[in-house]
Amino acid sequence: MKVTAFAPASIGNISVGFDVLGAAIAPIDGTKLGDTVTITNSDSFSFEMVGEWSSRLAYLHESGKKNLAQACAEYFLDQLPESKRKPVKILLNKNMPVGSGLGSSASSIVATFVALNQFFANPFDNIQLLKMMGKLEGSVSGSIHYDNVAPAYLGGIQLITLTESNICVKIPHFENWYWVLAYPGISLPTSEMRSILPQNYNRSVTIEYGKNLASFIYASFIKDEKLAVEVLKDVIAESYRKTKIPNFDLASKSLKELGMLAVGISGSGPTLFSITDNLEKAKEAKKLLRKIYVQNQDGFVHICRIF
């Protein structure tokens, strides 16, 4: 038996929703931006990693540490009754840079859990799977959050609710928007980028955060693009995180001068996202970002849509 699952890249926070809003994205040119996991029968548990970014994780093997996909598999199997467990081979095709702000860990986690769940005849429902995904994501970032795993698993833009009945709900998105993503080619660990944020915020900041998030959700449902753009601001993390991201201010200023609707940090960075409703403008932004934001040969820029 053989089961394969793909999980796309994602934008956590989307500026306006720190830890509670995330979007799955896909390049319009068909580039596979995300991880693929294949599970097959095996006489003993084994793991193999291939793909463009697999060599960047070779240190895990050298140090004897487990890859995240391996950790997911062990955790998944531990949740099964012993009588239903059996050895499998895991093949991870790593097409996402680590520490990019594009949900690389979430992509590996989601693809692994989805493939395993299908392989073992779907023993867990969506909420159970999401809770397991969140737990493993927390082991990497330092705290459990769902703004990458939820959209990578369920698609679209997801609002994290964490209620008794559900973990997240899908909200409408503006289908005419193009999301230009620029990864500069450097890595910034999520745990480190979370640690630089303050433990407490002024009341005025939390009020503005709540106002902006509520307004953005409202605008998304009533399709008020102007309002959505006006409130698409990060008052929680951007001012702290941008100091660690080379040329972010320059790129943001240049993109706004170009006429892009919004600019923000994808997740904890360093990937930048910018939004426009015009494909030609998106292409101009792509050229600009390649010139002033990409730092080395590992960097890339993609024009994307919501997945």
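Distance between the modelled labels on Ala121 and Lys226, one decimal in nanometres: 5.8 nm (7 Å Cα→Cβ projection).
Once both labels are positioned 7 Å from their Cα atoms along Cα-to-Cβ, the gap between Ser204 and Asn296 label points is 4.1 nm.
Inter-label distance, Ile144 to Thr161: 1.8 nm, where each label sits 7 Å from its Cα along the C-beta direction.
Candidates Val169, Val235, Leu272 compared by Cα position along the dipole of the chain: farthest toward the positive end lies Leu272, with charges placed on Cβ.
Matching the structure-derived Cα Rg over 2.2 N^0.38 Å against the labelled list [x] 1.08; [y] 0.99; [z] 1.20 gives the label [y].
Would you check the accessible area of Ser104, probe 1.4 Å, heavy atoms only, in square angstrom rounded to 10? Its heavy atoms expose roughly 10 Å² to the probe.
List the GluC sites (Glu not before Pro) within the range 138-231 that DSSP assigns to loop and that have no more than 13 neighbouring Cβ atoms inside 10 Å. Could the numbers behind the result be given before it?
Details: sites: Glu164, Glu175, Glu192, Glu208, Glu225, Glu230; in loops: Glu164, Glu175.
Sites meeting the loop and neighbour criteria: Glu164, Glu175.
Across Arg290, Arg203, Arg241, the residue with the most accessible area heads the list, and the full order at a 1.4 Å probe is Arg203, Arg290, Arg241. Straight-line cross-link partners of Lys283 among the aspartates and glutamates, defined as a Cα under 19 Å from its Cα and at least 8 positions apart when in the same chain: Asp29, Glu175, Glu257.
Can you tell me, using C-alpha contacts under 8 Å and at least 6 residues apart, the relative contact order of the chain as a whole percent?
25
Between the beta carbons of Ser195 and Thr31, assuming R0 = 41 Å, the FRET efficiency works out to 0.80 to the nearest 0.05.
Beyond 22 Å between alpha-carbons counts as too far, so tell me which of Lys170/Lys286; Lys233/Lys256; Lys226/Lys253 fall in that bin.
Numbers: Lys170/Lys286 28 Å; Lys233/Lys256 13 Å; Lys226/Lys253 20 Å.
Those over the limit are Lys170/Lys286.
Taking a ≥ b ≥ c as the square roots of the eigenvalues of the Cα gyration tensor, the range 233-296 is oblate, since a/c reaches 1.5 or more and a/b is not larger than b/c.
The values are calculated or read from the model by the stated rules, or taken from the named source; none is laboratory data. A quick note: this is a predicted structure, and the numbers were derived from the prediction, not measured. When we count neighbours, we look across all protein chains shown, and the Cβ atoms used for this are built from the backbone with ideal geometry, even at glycine. Accessible surface areas use protein heavy atoms only, side chains included; no ligands, DNA or RNA. Shrake-Rupley method; radii C 1.70, N 1.55, O 1.52, S 1.80 Å.
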